[in-house]
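Everything below concerns the one structure shown next.
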Amino acid sequence: MTIQQDKYTYEPFAQTAEYLAVNAAIVRGWVDVMMQKGTKQVERLLDVATGVGTMLELFAENAPKQWDNLSAVCVDMSAEALKLASARLSRVVSDLELIHSKAEEMNLPEKSVDVVVWGNGIHYLDPKGQEQALAAIKRALKPGGWFCFNSAFYAESRPPETLPFYLLQVRKAVAYLRSMGIQRQEREGRAEASNFLPRAHYEELLKRLGFTIEEVKEVPARVYKTAWEQISSFHQYAAGALHGYQPDAAVEAMRQAVGPALEAHGQKDENNNLYIQRNWLSVISRLGSQPLPGAQPTG
């Protein structure tokens, strides 16, 4: 099994107020659906692409008191990220198992977890990889177990009225690179995270693998300048926007371009601070469950 050995780059965007607020709201929504559908206890949770543990921490903090004795399995392709997560999560779960693996190569015991959470990571895999990962998740889930995921990198994540912001950011970034004498180099392929798949793709994938979708919704969030600069620091995001440029140079160019693009196309909040709306896709599904009579997925 090939696992990325590069030094883990801590993603500060995951600690911004915007990120924490929208993901906390999404997690609360998942917990509410589970409780409404009669889930009395969650004993073991699988956190896919754990990173530093933000999503698992939010789940533990928003779960009802009767779920307090929660044990968890954390899977991530970065050993360094798992170390950071372990230090952070030891206070919120009763037992923690760390697995160094890619999501699509997970090999967990069958029917061993009650809930699977995959926060802001499914978009990094191509459709084949997503299907492999979901097949592994399906094997690990107990009958009737829950699979929850979200993403801010899908086709409908950018409302039409916000597209001028993205277009101008790229134009400004290219102008910055040219002013620095940096030329575009031909590269094969694009970062998978830049290939935004539609909401319908994820719904069809779940149904094909035997999951029942309980709720699908899109959660709007206001994203401000600092957070956009941090999003632009993701190498995959910058490489997707500036395909063919050296990644480090693309990151710096995209960061430099945030301010002018936001000034031109940002909306003002009640305190006159500029932001761009971004939608988060939130999905909660169940393995082998039948919807209640008359129930329909919401969105």
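We did not get these values from a lab; they are worked out from the coordinates using the rules stated. Keep in mind it's a predicted model, so treat the numbers as computed, not measured. So basically every Cβ, Gly included, is an ideal-geometry build from the backbone, and we count neighbours across all protein chains shown.
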7 Å from Cα along Cα→Cβ at both SER112 and VAL219: what's the point-to-point distance in nm?
2.8 nm
Report the extension gain between ALA79 and GLN15 in nm, rounded to one decimal, defined as 0.36 nm multiplied by the number of residues separating them, less their alpha carbon distance.
21.0 nm
Residue with peak Gaussian network fluctuation, the chain [Cα springs, cutoff 10 Å], from THR212, THR50, THR162:
THR162
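Mind scanning LYS102/LYS138; LYS83/LYS128; LYS172/LYS225; LYS128/LYS217 and naming the pairs with a C-alpha gap bigger than 20 Å? Don't skip to the end; give the middle numbers.
Details: LYS102/LYS138 16 Å; LYS83/LYS128 29 Å; LYS172/LYS225 15 Å; LYS128/LYS217 24 Å.
Long pairs (Cα-Cα over 20 Å): LYS83/LYS128; LYS128/LYS217.
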Tell me, what HN-Hα J-couplings in whole Hz come from the Karplus equation 6.51 cos²θ - 1.76 cosθ + 1.60 at θ = phi - 60° for each residue of the range 219-235, using x for Gly and Pro?
10, x, 9, 8, 10, 9, 4, 4, 5, 5, 5, 6, 4, 5, 7, 5, 4
Relative to the longest principal Cα axis of the chain, at what angle does helix 79-89 sit, 0 to 90 degrees, rounded to 10?
60 degrees
If the only charges are +1 at each Lys and Arg Cβ and -1 at each Asp and Glu Cβ, what is the size of the charge dipole of the chain around the Cα centre, to the nearest 20 debye?
260 debye
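Tell me, what is the percent relative contact order of the chain, built from C-alpha pairs under 8 Å that lie six or more residues apart?
Dividing the mean separation by the residue count of the chain yields 20 percent.
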With an 8 Å Cα cut-off and a minimum separation of 6 or more residues, compute the relative contact order for the range 104-254 in percent.
25 percent
Across 5 Å bins from 0, what is the distribution of all Cα-Cα pair distances for the range 78-169, in whole percents?
3, 11, 16, 20, 20, 11, 8, 7, 4, 1
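Counting only C-alpha contacts under 8 Å and six or more residues apart, can you give the relative contact order of the range 42-120 as a whole percent? Provide the component values of the computation, followed by the final result.
Working: 146 pairs, mean separation 35.0, N = 79.
After rounding, I find 44 percent.
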Candidates PRO12, PRO160, PRO247; GNM for the chain (alpha-carbon contacts under 10 Å) flags as most fluctuating PRO160
GluC sites (Glu not before Pro) within the range 89-136, DSSP loop, no more than 16 other Cβ atoms inside 10 Å:
GLU110
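Rounded to the nearest 5, what % of the DSSP beta bridges within the chain are antiparallel ones?
50 percent
Test of understanding: what is the full-extension gain from HIS201 to ILE99, defined as 0.36 nm times their sequence separation minus their Cα-Cα distance?
Details: separation 102, 0.36 × 102 = 36.72 nm, distance 2.82 nm.
Stretched fully, the HIS201-ILE99 segment lengthens by 33.9 nm.
Length gain on complete extension for the stretch SER179 to ALA155, per 0.36 nm per residue less the alpha carbon to alpha carbon distance?
Numbers: separation 24, 0.36 × 24 = 8.64 nm, distance 3.17 nm.
That works out to 5.5 nm of additional length.
Going from the alpha-carbon gyration tensor of the chain, what semi-axes, largest first and in whole Å, does one get by taking the root of 5 times each eigenvalue? It would help to have the intermediate numbers written out before the result.
Numbers: eigenvalues 224, 91, 69 Å².
Semi-axes from the Cα gyration tensor: 33, 21, 19 Å.
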At R0 = 41 Å, how high is the FRET efficiency between ASP126 and GLU270 if r is their beta carbon distance? Nearest 0.05 is fine.
0.50
For the range 88-189, state which trypsin sites (Lys or Arg not before Pro) are in a DSSP loop and have at most 11 other beta carbons lying within 10 Å of their beta carbon.
ARG91
